[in-house]
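The values are calculated or read from the model by the stated rules, or taken from the named source; none is laboratory data. Since the structure is predicted, the reported quantities are computational estimates derived from the model, not experimental observations. No Cβ is skipped: glycine too gets one built from the backbone with ideal geometry, and neighbour counts run over all protein chains shown.
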């Protein structure tokens, strides 16, 4: 364990955010769900149980020591602006996949190269940016089942990355260091491939697993 | 089977090219190895056996009906220019990963978005571009062992993609339709992640597998 920092899940009333929050809270983490509406956040927190609390996104980000952002690409900029005053010096975990509807099966990385690098640019260097959870099917993560998907964790700060790998493990997933934040492009683009695989091969939530014999890092 | 088109492997004296050529020839395909030097190509073809022949890259591309290009990113442009007069109307399978030494563990996709899209732009619309084989460790592919890595196949022409999926199957791999050519960015960037994983976790050739129950497409 690398300490038990309080976790905020911004956009935590969405499918992915609620699933992450629930798994972490169930594992014993103190987790706060954030939403644009504090009332909606409290409602989802109460439904999920495990001691979860609900606040506005800004208040959740202020309370959390590690802040996980789980919003659609179209909401990334506004959401990061909302939490920016509250995350200086903290670890922000961006889960944004740059899907551009309606063509969500086409990889459409932003000009910055990835949503994670865009997020870092939006929040500035005072924030330690990590990205993760791009390839996990939210509806599987919402259960207690084995998700069958590794989580690649990206970030330029190795220590911050390790804390997020630890979070993925608490959530019952295998988290793996995936290298620098720029490498987030791989997992972000892969999500469009997985959506394509779901459609083409009739898969209920395709995922990825890294093969090969891995030693402890 | 989707027919037995003759396959040319341009840059086939390199590790990846030789490994692909050997597996396909062993499976009964007619395969020609191309190299800048016809003599070098013949030498490698003779060493590999299985009826492989060696020619210059241009002559191999002229003889092949499906042309697999296996050269480093730095050689992609010159190599495609070399074969361009000989591949009109054919399927060209680009395996290029845009690694930029010395920082090969950092995803550095080209301005076009991917090496595959860059390749299509270099060869023009008269060529049916497909990309594949980005994530397979060449030294594993050179053996008869199970490589333990799925091959994602990208391209805008579904029929051409299916022929390349068939080639990957002949080579003893599980090939999967990965969608449009732009999606090649995912597999190309992932190679840098795999190199990072090899170093960080002491893996001898990390790969990926798609998880979930896949039906026939």
Residue A:96: buried (at least 23 other Cβ atoms within 10 Å of the Cβ) and in a loop (DSSP other than H, G, I, E, B), yes or no? yes
Hey, among the residues in segment A:151-175 that are surrounded by 24 or more Cβ atoms within 10 Å (Cβ to Cβ) and under 30 Å from residue B:165 (Cβ atoms), which one's nearest to the other protein chains (Cβ to nearest Cβ)? A:152
State whether the residues of segment B:25-39 include one that is touching a helix residue (DSSP H, G or I) at 6+ places or on another chain (Cβ under 6 Å), at positive phi and surrounded by 24 or more Cβ atoms within 10 Å (Cβ to Cβ). no
Does any residue of segment A:191-198 turn out to be facing another protein chain (nearest Cβ under 7 Å), within 25 Å of residue B:146 (Cβ to Cβ), modelled with pLDDT of 95 or more and surrounded by fewer than 20 Cβ atoms within 10 Å (Cβ to Cβ)? no
Look at segment B:80-93 and say how many of its residues are surrounded by 14 or more Cβ atoms within 10 Å (Cβ to Cβ) and over 14 Å from the mean Cα position of the chain (by Cα). 6
Over segment B:108-150, the set of residues within 14 Å of another protein chain (Cβ to nearest Cβ) and without any contact (Cβ under 8 Å) to a residue 60 or more places away in the chain is B:110, B:111, B:112, B:131, B:132, B:134, B:145, B:146
Residue tally, condition in a helix (DSSP H, G or I) and in contact with a strand residue (DSSP E or B) (Cβ under 6 Å, 6 or more places away or on another chain), over segment B:45-69: 5
Residue B:12 is checked against (1) in a helix (DSSP H, G or I); (2) in contact with a strand residue (DSSP E or B) (Cβ under 9 Å, 6 or more places away or on another chain) and fails just one. What number does that condition carry? (1)
